[in-house]
Amino acid sequence: MSSEQQGDRGFIVVDKRGSGAAEEPGAAKPPEAERGLPKAEFASLAISLGHSALYHLGLVADPESGKKGARNLALARQTIDILEMLEEKTRGNLSADEARLLEELLYDLRMRFVEASK
């Protein structure tokens, strides 16, 4: 006798996404855009790394605390090196706008690093 003939129909899947139901522990989280986070894009990554370098150069404040970080040239240099590596590894695979953003960001960070190193 099959399980259907015995009345056992297995399990039922109920999709509650977008129903406004309270979120249960362990439930899947909505996509980033629905949580208010920006979409993950190459430009966002580059700008985030650039901001990190500026923070380590002591030029911008931490967004959460509002306090400027202590200058740490080694960490600033490492972050600039990471951006240089991204530029090298993505060469020929970026849009014109992405390539220009990365080029200009690196130029600006290098100039600021030289100035901070004096």
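Out of curiosity, is Leu49 of a type outside the set (Gly, Ala, Ser), farther than 12 Å from Leu109 by Cβ, at pLDDT 90 or above and part of a helix (DSSP H, G or I)?
The answer is no for Leu49.
Which one is surrounded by the fewest Cβ atoms within 10 Å (Cβ to Cβ), of the residues in the stretch 69-93 that are of a type in the set (A, V, I, L, M), in contact (Cβ under 8 Å) with a residue 40 or more places away in the chain and under 16 Å from Ser48 (Cβ atoms)?
Looking at the filtered set, the residue picked out is Leu86.
Restricted to the stretch 69-118, and to residues that are among the polar types (S, T, N, Q) and in a helix (DSSP H, G or I), which residue is farthest from Gly58 (Cα to Cα)?
Thr90
Filter the stretch 52-68 down to residues that are out of contact with any Ser or Thr (no Cβ under 8 Å at 6 or more places or on another chain), in a helix (DSSP H, G or I) and free of Cβ contacts under 8 Å to residues at least 40 places away in the same chain, then give me how many there are.
1
The values are calculated or read from the model by the stated rules, or taken from the named source; none is laboratory data. Owing to the predicted nature of the structure, the values given are computational and were not obtained by experimental measurement. Cβ: placed from backbone, ideal geometry, glycine included. Neighbour counts: every protein chain shown.
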